[in-house]
Amino acid sequence: MLRSVVEVARAIFEAQAGSIFLLDEERDELVFAAVSGRGEDFLVGRRFPASKGIAGWVVRSRQPITVDDVSRQGAFAHDVAEATQYVPTALMAAPLLCGERVLGVLEVLDRNPAMRTSLAGMDLLALFAGQAALALELTERHRDRARTAAPAPPGHPAHLAELSAVLGGLPDERTDAGRRLVDALRDILA
């Protein structure tokens with residue numbers, strides 16, 4: 001999902017690259033979670049301090065930013081960019097917000113110059129960031145529910161459905177006996 005968001009953002013802005021960084025709050029680092037364009041082959045999983053660079057500024061400020069010339073932006077972390085093997089000249093970045101919590105940053109690098117100072121462009125990037133944040137929030141909720149849910153006990157309808165599916169592959173005489181067993185279990189458990 002995140003890769004799709006980055007790819008679409010990159011295509012719309014006609015950018016050289018795009019990425020989503022996720023904030024690892026425990027380690028106070030930003031992690032490349034999805035990359036499109038330059039660096040996509042090796043950047044996913046790489047980390048850098050969440051206090052560094054423009055992405056770090058976006059995390060701290062919770063504000064989007066457009067930078068037309070990174071060489072004139074004091075927050076730009078040239079060393080981090082060099083480590084990625086791609087130093088952009090311009091970028092746009094927006095936070096991935098879930099309420100007050102920052103989940104990460106969406107960045108578009110070296111976009112089409114016609115979009116550099118466009119307010120509409122920043123609004124569009126913020127919209128993509130909102131979609132990515134929503135996807136992350138829903139995924140996180142699903143994982144939390146899965147972690148806290150107790151495994152279904154034997155005989156639970158979920159197990160009975162799995163058993164019924166297995167029975168479909170048996171010879172007919174055994175399938176009929178198995179289905180009668182599943183039906184009897186359903187009656188007992190009801």
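Which of the residues belonging to the range 1-53 are of a type in the set (D, E, K, R) and closer than 21 Å to Phe128 by Cα? Explain how you work it out, then say what you get.
Narrowing the range 1-53 to residues of a type in the set (D, E, K, R): 3, 7, 10, 14, 24-29, 38, 40-41, 46-47, 52.
Answer for the range 1-53, where residues must be of a type in the set (D, E, K, R) and closer than 21 Å to Phe128 by Cα: Arg3, Glu7, Arg10, Glu14, Asp24, Arg38, Glu40.
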Breaking point among (1) at pLDDT 85 or above; (2) open to solvent by less than 20 Å² (accessible area, probe 1.4 Å), for Ala81: (1)
Scan of the range 1-26 for residues that are assigned to a helix (DSSP H, G or I), more than 24 Å from Pro49 (Cα to Cα) and of a type outside the set (A, V, I, L, M, F, W, C), ordered by number: Ser4, Glu7, Arg10
Tabulated pairs, the range 16-40, first among the β-branched types (Val, Ile, Thr), second open to solvent by 40 Å² or more (accessible area, probe 1.4 Å), C-beta under 6 angstrom, 6+ apart or interchain: Val31/Leu22; Val31/Arg47; Val35/Val44
Residue within the range 90-105 that is over 20 Å from the mean Cα position of the chain (by Cα), at pLDDT below 85 and within 22 Å of Gly37 (Cα to Cα) present: no
Enumeration of residues in the range 27-59 that are part of a helix (DSSP H, G or I) and surrounded by fewer than 19 Cβ atoms within 10 Å (Cβ to Cβ): none
Qualifying residue in the range 10-26 (condition: within 16 Å of the chain's Cα centre (by Cα) and open to solvent by 70 Å² or more (accessible area, probe 1.4 Å)): yes
Hey, Pro88 part of a loop (DSSP other than H, G, I, E, B) and either of a type outside the set (A, V, I, L, M) or closer than 18 Å to Phe128 by Cα (or both) or not: yes
Scan of the range 90-105 for residues that are open to solvent by less than 20 Å² (accessible area, probe 1.4 Å), more than 15 Å from Asp28 (Cα to Cα) and among the hydrophobic types (A, V, I, L, M, F, W, C), ordered by number: Ala90, Leu91, Met92, Ala93, Ala94, Leu96
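The values are calculated or read from the model by the stated rules, or taken from the named source; none is laboratory data. Everything numeric here is computed off the predicted structure, so don't read it as measured data. Positions of Cβ are backbone-derived with ideal geometry, glycine not excepted, and every protein chain shown enters the neighbour counts. Areas reflect the complete protein model, heavy atoms only, side chains present, ligands, DNA and RNA absent. Shrake-Rupley method; radii C 1.70, N 1.55, O 1.52, S 1.80 Å.
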